[in-house]
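The values are calculated or read from the model by the stated rules, or taken from the named source; none is laboratory data. Since this is a predicted model, take the numbers as computed values, not measurements. In this analysis, Cβ positions are derived from the backbone assuming ideal geometry, glycine residues included, and neighbour counts consider all displayed protein chains.
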Amino acid sequence: MNDYEQTKRLASLTQMVLAAEQTRMAILRRQEANLRKSLSDLTIDPASGVAQQAAADTLYQAWADSRRRSINIDLARNLAEQDGHRATLARAFGRDQVCQELVERTKPRR
């Protein structure tokens, strides 16, 4: 196997790794969007003014506050994971770019 064939095989591997890392980041971003939507869905509609509704609103608000805390913790974890994954993704991108350049350099001239 010559250098060109070896670098082409290596480049295909780096492309697969890059695609996997990009997929992972896309999943993390979708999770972030879902968490942010869950937070925005916790807003309470204005009460009709009935005393019974006021008691229910208070209970709902306590539950919503608890749920909001939980979602914010999950969101913080997600954002931290995305931050850590950016370095992995950048490294995979860099390796892929280098391999693509090596393929071009080792390509047989005709």
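What to note about this one:
- Here E21 qualifies as part of a helix (DSSP H, G or I), closer than 30 Å to Q6 by Cα and of a type in the set (D, E).
- The residues of the range 52-82 that are aliphatic (A, V, I, L, M) and touching a residue at least 40 places away in the same chain (Cβ under 8 Å), listed by number, are L75, L79.
- Q22 falls short on exactly one of the conditions (1) at pLDDT 85 or above; (2) at positive phi, and that condition is (2).
- Scan the range 30-42 for residues that are surrounded by 13 or more Cβ atoms within 10 Å (Cβ to Cβ), within 15 Å of the chain's Cα centre (by Cα) and not aliphatic (A, V, I, L, M) and the total you get is 4.
- Residue within the range 47-55 that is in a helix (DSSP H, G or I), surrounded by 15 or more Cβ atoms within 10 Å (Cβ to Cβ), more than 22 Å from the chain's Cα centre (by Cα) and at pLDDT below 95 present: no
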